[in-house]
Every structure is written in C-alpha cells, then in structure tokens.
Ligand code: PNS
C-alpha cells in the first residue's frame, strides 16, 4: 500500500526550512499532504487560503514540483480526524533543536494515543536551523530583509502587509 504522509503546521508563513523538509520528504514517501492547520489559539498573519497559495508559490520557486505533493488545510477539528479521513500512515515534523523536540514529543504521543499514527522527525538542515516563521514576521514587520529565510513570494506578501 502506498505510504501517505501528512506534514502539518501553521506555515504562517512558510519558510525555506519548511520547503527543504517538504522536498526531502516528498522523495521518501509516495504521497505527501502539506496541511495548513488553523490554530484557534493563534491569530495568524495570513489567512489559510493565502498560506496555501504561498506554500504553492514557494515550492514552485524552489523547483519542488513533484506531483506527489498536495497542499491543503484543516479548518477545524483534530489533526487525527484528517489522518483518519485520508488514511495517512505517517505524520512528519521537522525539528531544529531540543526546544522543538520538547514541544513536539508530547504532540507525537497524543496523536499516537488518539489514532495510532506514528510521527517521524526530520532534522532541519543546519542552513535553516535558526529560521522561524515568528522571527521572519517580526523582522519583516520592522522593515528588515527576509529574503534569506523565505521565498520571494512570501517576502513580497510580508512587505505588502506592512
Ligand atoms: O507550526 P505549528 O504551529 O507548530 O503547528 C502545530 C500544529 C498545527 C501541528 C498543532 O497545533 C496541531 O496539530 N493542531 C491541530 C489540533 C490538534 O490535533 N491538536 C492536538 C495535537 S496533539
């Protein structure tokens, strides 16, 4: 049976670190769903529709055009609801350091308890080890350059918001 994996996140906005994880994962699973998750506890900078558009544009810019990548959203409910709906076999999470792992490990346990899904952790390329969407938003909102961290499409969208 083909392996369907889900890579969930806020992607607010997608960074080059995320793009790298998507590219690497798309080569080791049969199908990869990049899932923009609406987190009711966060007020996102970009709408879900815009985040999806920026993911698609960032992948295109990076030449990541594999047909096995689908970008979609979870507008409500639990991640495991989506996992069940599409019958995914793996959850993918990227991690940069032990802070990320401390944050991710409890979620991996809860998701496994709820549905049996296993989470696979992919280490961020050190090149992107310090890139975070929150920092990118802050730098951009104060007029700083962000082109080393995000695609041109995302940099433009951030600029337009200022
Ligand atoms: O990019 P983020 O904000 O770190 O992603 C966190 C995310 C969206 C993956 C997480 O908050 C999530 O899975 N939310 C969906 C709701 C849910 O299932 N919560 C229980 C997870 S253990």
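Here, each number is a calculation from the coordinates, and none is a lab measurement. All figures in this text were calculated on a predicted structure; none of them were measured in a lab. Cβ: placed from backbone, ideal geometry, glycine included. Neighbour counts: every protein chain shown.
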Next on the checklist: Give me the residue from the range 144-162 that is surrounded by fewer than 14 Cβ atoms within 10 Å (Cβ to Cβ) and either in contact (Cβ under 8 Å) with a residue 60 or more places away in the chain or in contact with a helix residue (DSSP H, G or I) (Cβ under 9 Å, 6 or more places away or on another chain) (or both) and, out of that set, nearest to residue 77 (Cα to Cα).
Outcome noted: 161
Checklist entry - Quick one: in the range 1-19, which of the residues that are in contact with a strand residue (DSSP E or B) (Cβ under 8 Å, 6 or more places away or on another chain) and farther than 15 Å from residue 86 by Cα is farthest from the ligand (Cβ to nearest atom)? => result 17
Checklist entry - Which members of the range 1-46 meet the condition of being closer than 15 Å to residue 137 by Cβ and assigned to a helix (DSSP H, G or I)? => result 16, 17, 18
Item to check | Hey, residue 83 within 12 Å of residue 7 (Cα to Cα) and under 14 Å from the mean Cα position of the chain (by Cα) or not | outcome: no
